[in-house]
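Have a look at the structure below before the remarks.
The values are calculated or read from the model by the stated rules, or taken from the named source; none is laboratory data. Keep in mind that this is a model prediction, so the values were computed, not measured. Methodologically, a virtual Cβ is constructed for each residue, glycine included, from the backbone with ideal geometry; neighbour enumeration extends over all protein chains shown. Accessible surface areas use protein heavy atoms only, side chains included; no ligands, DNA or RNA. Shrake-Rupley method; radii C 1.70, N 1.55, O 1.52, S 1.80 Å.
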Amino acid sequence: MIRKNYLDRINDSNKPYVIYKKTKGFDLYTDFSKKIILNNRNIKEFLNTKFKLKKNYKNTDLLIGFFGYELLNNLIGVKLPKQKSINFPRGIFYKPESKISLKEDLIFQSNKTRKIAKNFKININQNSYTKIFNKFKKKIRSGETYQIKICTKYKNKSKIDPLYFFCRLAKSNLAPEAFMIKDKNFSIISCSPENLITKKGLSISTKPIAGTLRKTKKINKIKALNFFRNNLKETKEHNMIVDMERNDLSRICVPGSVKLKKEKYVEEYKDLYHYVSLISGKLKKEVENIDIIKAMMPGGSVIGCPKINTLNLLNNQEKENRNIYTGSFGFIKFNGDMRFNIIIRSILNYKNISEISVASGVVIDSNAKHEFNENFIKAKALIDLYK
């Protein structure tokens, strides 16, 4: 089967499908036999599901989808106040019956006419951002939090072809946790760089990202690494997040097994460099799926720390529901293995409204103007798709 033709056919068929980045190329899942829409009432039942493994185990014996931000808060006992909402589902998982392997170079040219708006409206301007920033600085000084992430949203009204956007994004800004979902009334396109959970048997790992530097012609990976190592603010932020995610893993892992496998290295993307570490551990035998999700989600690197107190501060400040942003996308295999990212660098297109959410971290040494501008850097690769 020629994969290019397959992309054309599946996009024209209007069948829902999911594409997820793997080590080399992508996996496309479709022909869904089940679609599970999650809410605060059925999430625990979903996570406590016991899967029956057949002798002829298939590569489609899994559930793939996402947990939204609100759902994950509720799961760990953090209640959100009433916020402005577009009533997008809190989580959706699919049971695929078909899986197609695709090469790294996704070739697709949309022949559909779409109405694409070039300009975006931001929900928090620089003055409003600075006021929130200063409030959180006081919370840091009083010891209520040590680091906190302010979310800003870019929105416009556009009817897009998500596969066309995703193929362009994969070519210009390929990320290790990239994915897309196309369903009947929504799509999600993401170039997320951050893996939150990789579980195989009793082995588990997480890859926190904390530290962002804008790319220029004068800066390469070596210079970026030197910048991060010599920048007190970036180093503090990274250390705090690594410590928190080590602590999250320690709750579900064998004592002494949690190790910093790879410390403070740089990953390169289209418009920026990131400061990254890799942490691994060995799960306790009695740990269930629900224990893993509750311990690790929402991912600390996009929230701040300490997690629960910081979530409460964020939720009481933010006026709009985050929807998918800082939730998690991935799969749970019927044998118990799982892989989940953190949903960042993503476009949610729902009812022909495009929503791009980003966030930057506030620590005691932060500068409001710098962090506000950093948010735009993170959103730029996605905004450029509309030009």
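Here are the numbers:
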{"item": "Surface per residue (accessible, 1.4 Å probe) for the stretch 43-107, Å²", "result": "56"}
{"item": "Highest average packing first - 40-49, 281-290, Cβ atoms within 10 Å", "result": "281-290, 40-49"}
{"item": "Rounded to the nearest 20 debye, dipole of the chain from Cβ charges on Lys, Arg, Asp, Glu", "result": "480"}
{"item": "q = 0.18 Å⁻¹, the stretch 196-334: log10 I(q)/I(0) [Debye, one scatterer per Cα]", "result": "-1.09"}
{"item": "Cα-centre dipole for the stretch 320-371 with unit charges at Cβ (Lys and Arg positive, Asp and Glu negative), debye to 20", "result": "200"}
{"item": "Long-range tail of P(r) for the stretch 279-361 (Cα pairs > 18 Å, %)", "result": "53"}
{"item": "FRET efficiency for LYS103 and LYS319, using Cβ-Cβ distance with R0 set to 56 Å, rounded to 0.05", "result": "0.85"}
{"item": "The stretch 8-94, Rg to Rh (Cα coordinates; Rh as Kirkwood inverse mean 1/r)", "result": "1.03"}
{"item": "Evaluated at q = 0.10, 0.25 Å⁻¹: base-10 log I(q)/I(0), Debye formula over Cα of the stretch 162-268", "result": "-0.42, -1.29"}
{"item": "Interatomic Cα distance distribution for the stretch 1-153, bins of 10 angstrom, percent", "result": "8, 23, 27, 25, 14, 3, 0"}
{"item": "Net charge of neighbours whose Cβ lies under 11 Å from the Cβ of SER85, counting Lys and Arg as +1 and Asp and Glu as -1", "result": "+3"}
{"item": "Shape box of the chain [Cα atoms, principal axes, largest first, Å]", "result": "57, 51, 45"}
{"item": "Student exercise, the stretch 247-380 dipole from Lys, Arg, Asp, Glu Cβ charges, in Debye to nearest 20", "result": "320"}
{"item": "Charge tally in the Cβ shell below 9 Å around PHE32, where Lys, Arg are +1 and Asp, Glu are -1, PHE32 excluded", "result": "+2"}
{"item": "The chain, relative contact order in percent, only Cα pairs under 8 angstrom and at least six apart counted", "result": "25"}
{"item": "Backbone N within the stretch 70-95 under 14 Å of label point (7 Å from ASN39 Cα along the Cβ vector)", "result": "71, 87-92"}
{"item": "1.4 Å probe accessible area per residue over the stretch 2-42, in Å²", "result": "54"}
{"item": "Peptides ranked, highest mean first, by Cβ atoms within 10 Å: ranges 256-264, 186-194, 81-89, 345-353", "result": "186-194, 345-353, 256-264, 81-89"}
{"item": "Kirkwood Rh and Cα Rg combined as Rg/Rh, the stretch 239-286", "result": "1.10"}
{"item": "Protection proxy ranking of 147-160, 117-130 - average other beta-carbon atoms within 10 Å, highest first", "result": "147-160, 117-130"}
{"item": "Neighbourhood net charge (9 Å Cβ-Cβ; Lys/Arg +1, Asp/Glu -1) for LYS155", "result": "+2"}
{"item": "Carbon plus sulfur fraction of accessible area for the chain, probe 1.4 Å, in percent", "result": "50"}
{"item": "Charge-dipole axis of the stretch 1-67 as Lys and Arg at +1 and Asp and Glu at -1 on Cβ define it, positive-most pick from LEU28, THR49, VAL18", "result": "THR49"}
{"item": "For the chain, calculated [θ]222 nm from helices alone, where every DSSP H run of n ≥ 4 adds -39500 (n - 2.57)", "result": "-9000 deg cm²/dmol"}
{"item": "Between the stretch 249-288 and the stretch 60-130, the Cα center-to-center distance that results, in Å", "result": "24"}
